[in-house]
1. Just add up the charged neighbours of A:His107: K/R +1, D/E -1, any other residue whose Cβ is under 12 Å from the Cβ of A:His107.
2. Do the alpha carbons of any pairs in A:Lys164/B:Lys89; A:Lys249/B:Lys89; A:Lys89/A:Lys164; A:Lys53/B:Lys164 sit beyond 31 Å of each other, and which pairs?
3. Hey, got a sec? Which GluC sites (Glu not before Pro) in the range A:156-256 land in a DSSP loop and have at most 12 other Cβ atoms within 10 Å?
4. Where does chain B land at 222 nm, in deg cm²/dmol rounded to the nearest 500, when only DSSP H runs of n ≥ 4 count, each adding -39500 (n - 2.57), divided by all residues?
5. Between the label point of B:Arg149 and that of the same position in each other copy, find the distances and list them shortest first in nm, with every label point placed 7 Å from Cα along the Cα-to-C-beta direction.
6. What order do you get for B:Leu111, B:Leu5 when you list them from fewest to most C-beta neighbours inside 10 Å?
7. For A:Glu85, what is the net charge nearby, where nearby means another residue's Cβ is under 14 Å from its Cβ and Lys, Arg count +1, Asp, Glu -1?
8. Once R0 is set to 60 Å, what does the formula 1/(1 + (r/R0)^6) return for the Cβ-Cβ distance between B:Glu235 and B:Ser147, expressed as a FRET efficiency to the nearest 0.05?
Number of protein chains: 2
Amino acid sequence: MCQLLGMNCNVPTDICFSFEGFQARGGKTDIHADGWGIGFYEGDGSRLFIDTKPSCESAVAELVRNYPIHSLNTIAHIRKATHGEISLKNTHPFQRELWGNYWVFAHNGELKDFNPVLSGQFQPVGDTDSELAFCYLMDRLSQRFPSARPTLRQIYAVLAETSKKIARHGMFNFLLSDGTIFFAHCSTNLHYTIRKAPFKKAHLVDEDVSVDFAEVTTPNDIVTVIASVPLTDNEEWTKFTEGELILFKGGLPMFD
Amino acid sequence: MCQLLGMNCNVPTDICFSFEGFQARGGKTDIHADGWGIGFYEGDGSRLFIDTKPSCESAVAELVRNYPIHSLNTIAHIRKATHGEISLKNTHPFQRELWGNYWVFAHNGELKDFNPVLSGQFQPVGDTDSELAFCYLMDRLSQRFPSARPTLRQIYAVLAETSKKIARHGMFNFLLSDGTIFFAHCSTNLHYTIRKAPFKKAHLVDEDVSVDFAEVTTPNDIVTVIASVPLTDNEEWTKFTEGELILFKGGLPMFD
């Protein structure tokens, strides 16, 4: 099993505070020590930092923690291997290009007897059920809308239908973004909290670290943080319902 | 304009020594200060580190220089922007997946009046002629061999034919790898050196740094380093001929 962390904002925001608590779960406060990864967007560009070392020991994770990258959409993942060996090709998040945008995906869960038919446009490089599910989602979108990007409602409909199908094979909690919009799907366990004015102090569950968001934000900032398990112990976290797919944009849920 | 650095080996090798000299050209000993990037393979997995800061000042470049990643194939690029603004989406190397492998590409040069017809399977995210040329190469390969990976000769033939077409539009020096094989194409300026037993000392052009490869290798190691401009002043570098496409594998040229 694995854990997910995502952030969707209306202004580019760094994830340093949330990542600090999350990183600790990669081998220090929790068992997810089989690699980790994080994907950021800067405009339409994206960067993925992935590593097969536990996040609590990784030099790359140290860089990410100390080097604030401001992003509208961020997806992070710490891995406890179930399917597939511990190797770079099996490390989330995964990335593909569709309709001229980079799509980044991370999954928490495990799928059984999952052998979808793929057109060939998106093929897994590694051995995980997760990357296979991602390729299937991308394939469904591109087969349905081959020439150009459809509306958000149309993208949502294909993802909702396909996620439902995939979730029949097991636990399928995932985060997916193209840099402008952010999808989060829950089959068992996923939570989110919305930070907006009036901002207050937040305290991590995993480390004795607090931040007063009133000091580091402007009154117009809106940030949604999504995590498998709540990261702070003094904020209100909403649990997704089973089977729920939420589209976030500008830091707020658009529809589900 | 930009500069390229590539490495193809028969055993996973770190690029720290060559990268040290190359990195200095990104704003210190040369003018290529509009971002940089490097792509490594570990097995079939790949990681890209890209940054819009000059490589001589970048915290990410510092990490790469000090954190030896051992790879059979490595592609690096420092950028002096000609087409497209300085932003992450325009920073080389670029990556796409084809036939279940990640392909990584970097380009030195400039293309004029280059408007190829694309099927839509590979679309540029940024504004560079370079990424457009990469998408065109990938598109030609996938359109010609849609279902599965063909032979090396067949891949070579499509790339040679397409590169020739693209090079009619301007300077088209590029490096391309899928993690197992390495293509280098020269339209104006590209050099390579082969390091194998008996190994000797090499000294950088850009920094007063030497390494004695006899101390850090085994007699069976073979490493080809490819660069726009030779990186060392006491090794033999072979200049590519104009229009030459060489396929390297296991540290040696296979055919051109």
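We did not get these values from a lab; they are worked out from the coordinates using the rules stated. Just so it is clear, the structure is predicted and the values come from calculations on it, not from any experiment. We place every Cβ from the backbone using ideal geometry, glycine too, and count neighbours over all the protein chains shown.
1. Value of the local net charge: -2.
2. Beyond 31 Å between Cα atoms: A:Lys164/B:Lys89; A:Lys53/B:Lys164.
3. Passing both the DSSP loop test and the Cβ count: A:Glu236, A:Glu242.
4. -6000 deg cm²/dmol
5. List, nearest first: 3.2 nm.
6. B:Leu111, B:Leu5
7. Every neighbour counted, the sum reads -3.
8. E between B:Glu235 and B:Ser147, to the nearest 0.05, is 0.90.
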